[in-house]
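Novice: Attaching a single structure in structure tokens format; questions to follow.
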Amino acid sequence: MKFTDGLWLHQPGVNAHYAMEAYEAVRDGNDLIVYATTQVIRHRGQTLQGPLLTLRLSAVLPGVIKVRIEHYTGGLEHGPKIPLQPLPSVPVEISIGESEAAVTSGSLTARVGLKASEWDLRFESGDRRSEE
């Protein structure tokens, strides 16, 4: 990918896949894991095509939420690996409902709409809300 003429341009042969639907959300310790499909799933046969994106939302500091999007993360670890100092544990609230999953760190909340007709990830802090 390169940045030219004010736009992100893909290299030849590279196809981008974007999240279309948050299919499922689970809690993994202090992280919220969201499985997002790149197409809206209407029947079981549609689960056989296209990548599955894994979003990991975690609190790194009060009022700071890290979003990591992963695809094809399995495989062998190739070193060297430099050990880093672990960050202190941050108080986090995670809720998973039928239509929405949320993670809150300090005054910041990240909300993901589940099984919605379109992708919905938004951030809220007090009365301020992110717009897509």
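Novice: Would you pull out the residues with amide H under 5 Å of Met20's amide H, same chain only if 5 or more places away, H placed 1.01 Å from N?
Specialist: Here Thr37, Thr38, Gln39 satisfy the definition.
Novice: Follow-up. Kindly write out, for the range 62-68 in residue order, the coupling ³J(HN,Hα) from the Karplus curve 6.51 cos²θ - 1.76 cosθ + 1.60 (θ = phi - 60°), rounded to whole Hz, with x marking Gly and Pro.
Specialist: After applying 6.51 cos²θ - 1.76 cosθ + 1.60, I find x, x, 10, 10, 8, 10, 10 Hz.
Novice: With the cut-off at 1.5 for a/c, could you classify the chain from its C-alpha gyration tensor as rounded, prolate or oblate?
Specialist: On the way: a/c = 1.40, a/b = 1.13, b/c = 1.25.
It is rounded, given that a/c, with a ≥ b ≥ c, falls under 1.5.
Novice: Right, something else. Would you work out if the range 48-109 is rounded, prolate or oblate? Take a ≥ b ≥ c from the square roots of the eigenvalues of the alpha-carbon gyration tensor; rounded if a/c is under 1.5, else prolate when a/b is larger than b/c, oblate otherwise. It would help to have the intermediate numbers written out before the result.
Specialist: Values: a/c = 3.30, a/b = 1.13, b/c = 2.92.
Oblate is the answer for the range 48-109, as a/c is 1.5 or above yet b/c matches or exceeds a/b.
Novice: Separate question: Among Leu32, Leu52, what's the order by accessible area (1.4 angstrom probe), most exposed first? Working shown, then result.
Specialist: Working: Leu32 0, Leu52 85 Å².
In descending accessible area the options line up as Leu52, Leu32.
Novice: Quick one: dipole size for the chain, taken about the Cα centre, charges +1 on Lys/Arg Cβ and -1 on Asp/Glu Cβ, in debye to the nearest 20.
Specialist: Approximately 260 debye in magnitude.
Novice: Could you sort Arg111, Arg27, Arg42, Arg129 by accessible area so the largest value comes first, with the probe set to 1.4 Å? Mind dumping the intermediate values first?
Specialist: Values: Arg111 60, Arg27 125, Arg42 185, Arg129 155 Å².
The ordering from most to least exposed comes out as Arg42, Arg129, Arg27, Arg111.
Novice: Sum up the charges of everything whose Cβ sits under 13 Å from the Cβ of Thr54, counting Lys and Arg as +1 and Asp and Glu as -1, but leave Thr54 out. All intermediate terms of the calculation are to be shown ahead of the outcome.
Specialist: Values: positive: Arg56, Arg68; negative: Glu24, Asp28, Asp31, Glu70.
Summing Lys and Arg as +1 and Asp and Glu as -1 gives -2.
Novice: Please work out the average accessible area per residue across the chain, using the 1.4 Å probe convention, and give it in Å². It would help to have the intermediate numbers written out before the result.
Specialist: Values: 9780 Å² over 132 residues.
With the other protein chains kept in place, the chain gives 74 Å² per residue.
Novice: When only Cα pairs under 8 Å and 6 or more residues apart are kept, what is the percent relative contact order across the chain? Let's see the in-between values first.
Specialist: Details: 239 pairs, mean separation 26.7, N = 132.
Answer for the chain is 20 percent.
Novice: Along the Cα-to-C-beta direction of Asn30, a point sits 7 Å from the Cα; which residues of the range 90-106 have their amide N less than 17 Å from that point?
Specialist: Label zone hits: 90-95, 103-106.
Novice: Follow-up question, since we're still on this one. Could you tell me the center-to-center distance, by alpha carbons, between the range 77-132 and the range 54-76 in angstrom?
Specialist: 9 Å
Novice: While we're here: Calculate one ³J(HN,Hα) per residue across the range 23-29 by plugging θ = phi - 60° into the Karplus curve 6.51 cos²θ - 1.76 cosθ + 1.60, and present them in order as whole Hz with x for glycine and proline.
Specialist: For the range 23-29, the Karplus curve yields 7, 7, 9, 9, 9, 10, x Hz.
Novice: Further question on the same structure: May I ask you to give the percent of accessible area on the chain that is carbon plus sulfur, with a probe radius of 1.4 Å? If you can, show how the numbers build up before the last one.
Specialist: Numbers: 5140 of 9780 Å².
Carbon and sulfur together cover 53 percent of it.
Novice: Filter the GluC sites (Glu not before Pro) in the range 17-88 down to the DSSP loop ones having no more than 12 other Cβ atoms within 10 Å, then list what survives.
Specialist: Those satisfying the criteria are Glu77.
The values are calculated or read from the model by the stated rules, or taken from the named source; none is laboratory data. It should be emphasised that the depicted structure is a prediction, and the values quoted were computed from it without experimental measurement. Every residue, glycine as well, gets a Cβ built from its backbone with ideal geometry; the counts of neighbours run over all protein chains shown. Only protein heavy atoms, including side chains, enter the accessible area calculation; ligands, DNA and RNA are left aside. Shrake-Rupley method; radii C 1.70, N 1.55, O 1.52, S 1.80 Å.
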